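What follows is a short report on a single structure.
The values are calculated or read from the model by the stated rules, or taken from the named source; none is laboratory data. If you're wondering where the values come from, they're calculated on a predicted model, not measured in any experiment. Methodologically, a virtual Cβ is constructed for each residue, glycine included, from the backbone with ideal geometry; neighbour enumeration extends over all protein chains shown. Note: accessible area is taken over every heavy atom of the protein model, side chains too, but ligands, DNA and RNA are not part of it. Shrake-Rupley method; radii C 1.70, N 1.55, O 1.52, S 1.80 Å.
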Amino acid sequence: YLINHNYRFASRWLQGMASFNKNIPLSYKRYLPDMDRYIMEEDVRCMPLGPLIKKHKVKKIDLLCIDTEGYDYKIIKQLKTLPIAPRIIFYEHRNLSDKDNESCKNMLRKIGYSVSQKSFDTLAFIDNNT
């Protein structure tokens, strides 16, 4: 589900917003009361991280930046099965449930990341110097 980008909104960040969950864009009705009339459904081709890394022969990931409007933890869970670990992960936790936010931080710590949350975003990193 995405916000139709052909419309001009007072808040520019609304243009092009997308999520696999229609409730995410609908949750911003306080900014645009008739939000539902601007939402479009569109099929999107997706690929898990493992096959994506293999397909493009990625050998190293310095930064993995994720902003998937509530699906960030679903992507981060895939890290456990990857042949390489990103040194830095930056993701938006704003649309995660409290339970998923805690589970995500705990999982990252368990696999060796230091985790810091500010505002709506989380920074996780592996410090190779320690």
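General observations
- The distance between label points at Cys65 and Ser116 comes to 1.8 nm (points 7 Å beyond Cα on the Cα→Cβ vector).
- Accessible area of Met35 in the full protein assembly, 1.4 Å probe (Å², nearest 10): 0
- The chain: most fluctuating residue of Asp43, Asp62, Asp34 per GNM, C-alpha cutoff 10 Å: Asp43
- Model label sites at Ile75 and Met40, defined 7 Å from Cα along the beta-carbon direction, differ in position by 2.2 nm.
- Against the chain, whose longest principal axis is taken from its Cα atoms, helix 98-110 shows a tilt of about 20°.
- Computed with a 1.4 Å probe on the full set of protein chains, the accessible area for Glu41 sits at about 140 Å².
- Given R0 = 30 Å, the distance between the Cβ atoms of Arg87 and Ala18 translates into a calculated FRET efficiency of 0.65.
- Pair-distance distribution P(r) for the chain, from all Cα-Cα distances in 5 Å bins starting at 0: 2, 9, 18, 19, 17, 15, 11, 6, 3, 1, 0 percent.
- Fluctuation leader among Cys104, Cys46, Cys65 - the chain, Gaussian network, Cα springs under 10 angstrom: Cys46
- Cα-projected label distance for His56 with Asn106, points at 7 Å along beta-carbon direction, nm: 3.2
- Partner lysines for Lys57 [C-alpha distance under 25 Å; skip if fewer than 8 residues away on the same chain]: Lys74, Lys77, Lys80
- Once the Cα-Cα distance is subtracted from the 0.36 nm per residue extended length, the Leu123 to Asp98 segment shows a gain of 7.3 nm.
- The chain: relative contact order as a whole-number percent, Cα under 8 Å and 6+ apart: 19
- Size of electric dipole in the chain: Cβ of Lys, Arg +1 and of Asp, Glu -1, about Cα centre, debye, nearest 20: 480
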